[in-house]
Amino acid sequence: MKSSTIINDNTKIDLNDEVMGFSLKVGVVLAALVGVWGLACLTAGLANVGAIGMLKGYVTAITGF
């Protein structure tokens, strides 16, 4: 014979901690996506024009010449 047990236990949840934890996780994921996108763009640029071309383009973008 099986007997059922009923447990009356209240769990306190701090909504502020839950929201902050979720926000932190979303921020970390978005930062990782931006980093991966930046690395992909850098790799594509190096594949297209090479390291010297990237350096020349960087100097041209900074100085305007």
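The values are calculated or read from the model by the stated rules, or taken from the named source; none is laboratory data. This one's a predicted model, so the numbers in the text were calculated from it and none came from an experiment. All Cβ positions, even for glycine, are placed from backbone atoms using ideal geometry, and neighbour counts span all protein chains on display.
Points to keep in mind about this one:
- Tally, over the stretch 37-58, of residues that are of a type in the set (Val, Ile, Thr) and exposed (fewer than 10 other Cβ atoms within 10 Å of the Cβ): 1
- Filter pass, VAL49 being touching a Gly at 6+ places or on another chain (Cβ under 8 Å) and without any contact (Cβ under 8 Å) to a residue 12 or more places away in the chain: yes
- All conditions but one from (1) at pLDDT 95 or above; (2) surrounded by 10 or more Cβ atoms within 10 Å (Cβ to Cβ) apply to GLU18; the one that does not is (1).
- Residue in the stretch 17-29 that is assigned to a helix (DSSP H, G or I) and touching a helix residue (DSSP H, G or I) at 6+ places or on another chain (Cβ under 7 Å) present: no
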